[in-house]
1. PHE16 versus (1) assigned to a loop (DSSP other than H, G, I, E, B); (2) under 20 Å from PHE69 (Cα atoms): which is the lone unmet condition?
2. Out of the residues in segment 29-82 that are in contact with a Ser or Thr (Cβ under 6 Å, 6 or more places away or on another chain) and over 20 Å from GLY13 (Cα atoms), state the one that is surrounded by the fewest Cβ atoms within 10 Å (Cβ to Cβ).
3. Could you please give the count of residues in segment 8-49 that are aliphatic (A, V, I, L, M) and within 16 Å of GLN83 (Cβ to Cβ)?
4. Within segment 46-83, how many residues turn out to be out of contact with any Gly (no Cβ under 7 Å at 6 or more places or on another chain) and within 14 Å of GLU25 (Cα to Cα)?
5. In segment 76-99, is there at least one residue being touching a Leu at 6+ places or on another chain (Cβ under 6 Å) and outside any helix (DSSP H, G or I)?
6. Here are some conditions: (1) closer than 18 Å to PHE5 by Cβ; (2) without any contact (Cβ under 8 Å) to a residue 40 or more places away in the chain; (3) in contact with a helix residue (DSSP H, G or I) (Cβ under 9 Å, 6 or more places away or on another chain). GLY84 meets all but one. Which one does it not meet?
7. Of (1) assigned to a strand (DSSP E or B); (2) touching a residue at least 60 places away in the same chain (Cβ under 8 Å); (3) in contact with a Phe, Trp or Tyr (Cβ under 7 Å, 6 or more places away or on another chain), LEU71 satisfies all except one. Which?
8. Considering only segment 95-110, state which residues are of a type in the set (S, T, N, Q) and out of contact with any helix residue (DSSP H, G or I) (no Cβ under 9 Å at 6 or more places or on another chain).
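The values are calculated or read from the model by the stated rules, or taken from the named source; none is laboratory data. All values reported here derive from a predicted model rather than from experimental measurement. Note that we place each Cβ from the backbone using ideal geometry, even for glycine, and neighbour counts take in every protein chain shown.
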Amino acid sequence: MAGWFDLKKAKDGQFFFTLVAGNGEIVGKSEMYKAKASASNGIESVKRNAPDRDRFKAPWEGNGGKFYFALKARNGEPILASQGYSSESGAEDGIGAVQRAANGASTKDISG
């Protein structure tokens, strides 16, 4: 089921986006961008790259025993970071959730 992107503005004036799954759960967050247009380009990059499993950095264990993954653009730069998962298999499931949510996702501009 397609999700959606929420395009937001941080208190410091920078822009970022989250990818929300069809069930309302946030499945990924972007870096901060100085320009709104750059954040919008990041959304388009997620849409282009999410279908390709090879674009995802395999789950790794971070601080506190949580597992994370990242989606990278063709140039190798990270464009979406995951939340922490309690298991490696949970993070693998999260990759599938990103792929499903990004497929056909719309963008809600709530940056004000």
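1. Checking PHE16 against (1) assigned to a loop (DSSP other than H, G, I, E, B); (2) under 20 Å from PHE69 (Cα atoms), the one that fails is (1).
2. If we take residues in segment 29-82 being in contact with a Ser or Thr (Cβ under 6 Å, 6 or more places away or on another chain) and over 20 Å from GLY13 (Cα atoms), then ALA73 is surrounded by the fewest Cβ atoms within 10 Å (Cβ to Cβ).
3. Result for segment 8-49: 6.
4. Number satisfying all stated conditions: 1.
5. Yes; the residues of segment 76-99 include at least one that is touching a Leu at 6+ places or on another chain (Cβ under 6 Å) and outside any helix (DSSP H, G or I).
6. Here GLY84 clears every test but (1).
7. Failing condition for LEU71: (2).
8. Kept after step one, since they are of a type in the set (S, T, N, Q), are these residues of segment 95-110: 99, 103, 106-107.
Scanning segment 95-110 gives a single hit, SER106.
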